[in-house]
Amino acid sequence: AAASAAAVLLASRITLYCDDYFYGVFFREGWDRFWELTKWHYLHFNGRAFVHFVAELALQFDTALYILLFPAMLACVFLLGGRLQSGGISWNLLLMTGGVGVMASLALPPVYLRSSLLWISAAFNYLFPLCVLLPTLWMYMREEGSAGGWTLTLVLSFLSGATTEQSGLAAVVCLGGWGLLAWLRRERTFWRGLLPGLLACAGYLPVIFAPG
C-alpha cells in the first residue's frame, strides 16, 4: 500500500511533454482522422501500433488515467514476475518483494525516470509490454483451464508479440521456447505447445517489418 501510494504521488507530479502531445491528438477529430494518422505513423515511423493505440487512449485523459495505471503496471510486473519465478511463494512474501521492487523503481535517478516511467508515451513502450507478456506467460504456464481461458491466452499471445521490437521478440522467445519444451516433454499437445509462440510471432512480424 505504501509503495502504491508513493507511485501515485510521484505520478501525480508529471506533465505531458514531447511525444505525448503528438499521440494525444490522434482521436481529436474522430475515427477517420485516427486511422489516417495511424497509417501514416506506421508507414513513416514504426510498427508499434498496439502500444501507441493504448497510449493514445490514455492520453485522452491528460495525465489523470496514467496516475492510476502507473502503480498498477509496476505492481503487475513485480508480482507476476515473482509468481513466475516461484509458483510456491506465499502471498505475504510476494507482496513484500513486489513493494520493494516498486520502491526501488521509484528510487531510480531522475534522468532515467523522466525518460521512461514518468514519461507517458515512453512508459507505454517500455513498461506496458511487460504487463501484456507476463500475464500471458502466467496463464499459459498454468494447468490448462477453460476454453475461454485458452482463447484469452491466444489473444494475449498475439498482442504480446505486437508490442515493440524488443518486447515482441521476448514474447516470441519465451512463449515459443516454453511451448516447444512442453511439447517435447509431452506436457502439452502439439498445438497447445506451439500455437501461442506462433501467434506471438504473427503479432511480431508487422512490428519488425514496418516500413517506417
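The values are calculated or read from the model by the stated rules, or taken from the named source; none is laboratory data. These numbers come from a predicted model, not from an experiment. Glycine also receives a Cβ, built like all others from the backbone with ideal geometry; neighbour counts cover every protein chain displayed. With ligands, DNA and RNA removed, areas are computed over all heavy atoms of the protein, side chains included. Shrake-Rupley method; radii C 1.70, N 1.55, O 1.52, S 1.80 Å.
Among the conditions (1) open to solvent by 50 Å² or more (accessible area, probe 1.4 Å); (2) closer than 19 Å to Val54 by Cβ; (3) in contact (Cβ under 8 Å) with a residue 40 or more places away in the chain; (4) not acidic (Asp, Glu), the only one that Trp138 does not satisfy is (2). You will find that of Ser116, Ser105, the residue that is open to solvent by less than 50 Å² (accessible area, probe 1.4 Å), under 30 Å from Leu57 (Cβ atoms), outside any helix (DSSP H, G or I) and of a type in the set (Ser, Thr, Tyr) is Ser116 and no other. Only residues that are part of a helix (DSSP H, G or I), open to solvent by 20 Å² or more (accessible area, probe 1.4 Å) and free of Cβ contacts under 8 Å to residues at least 12 places away in the same chain were counted in region 182-204, giving 4.
Rundown of residues vs (1) under 18 Å from Leu133 (Cβ atoms); (2) surrounded by 14 or more Cβ atoms within 10 Å (Cβ to Cβ); (3) free of Cβ contacts under 8 Å to residues at least 40 places away in the same chain, yes/no style:
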{"site": "Val77", "(1), (2), (3)": "yes, yes, no"}
{"site": "Gly82", "(1), (2), (3)": "yes, yes, yes"}
{"site": "Asn92", "(1), (2), (3)": "no, no, yes"}
{"site": "Gly99", "(1), (2), (3)": "no, yes, no"}
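Within region 14-59, the set of residues being open to solvent by 70 Å² or more (accessible area, probe 1.4 Å), outside any helix (DSSP H, G or I) and in contact (Cβ under 8 Å) with a residue 24 or more places away in the chain comprises Thr15, Tyr17, Cys18, Phe45.
Of all residues in region 144-177, exactly one satisfies the criterion of being open to solvent by 40 Å² or more (accessible area, probe 1.4 Å), under 19 Å from Arg48 (Cα atoms) and among the polar types (S, T, N, Q), namely Gln166.
Can you say whether Tyr66 is among the aromatic types (Phe, Trp, Tyr), in contact (Cβ under 8 Å) with a residue 12 or more places away in the chain and either farther than 18 Å from Cys131 by Cα or open to solvent by less than 50 Å² (accessible area, probe 1.4 Å) (or both), as far as the supplied structure shows? It is true that Tyr66 is among the aromatic types (Phe, Trp, Tyr), in contact (Cβ under 8 Å) with a residue 12 or more places away in the chain and either farther than 18 Å from Cys131 by Cα or open to solvent by less than 50 Å² (accessible area, probe 1.4 Å) (or both).
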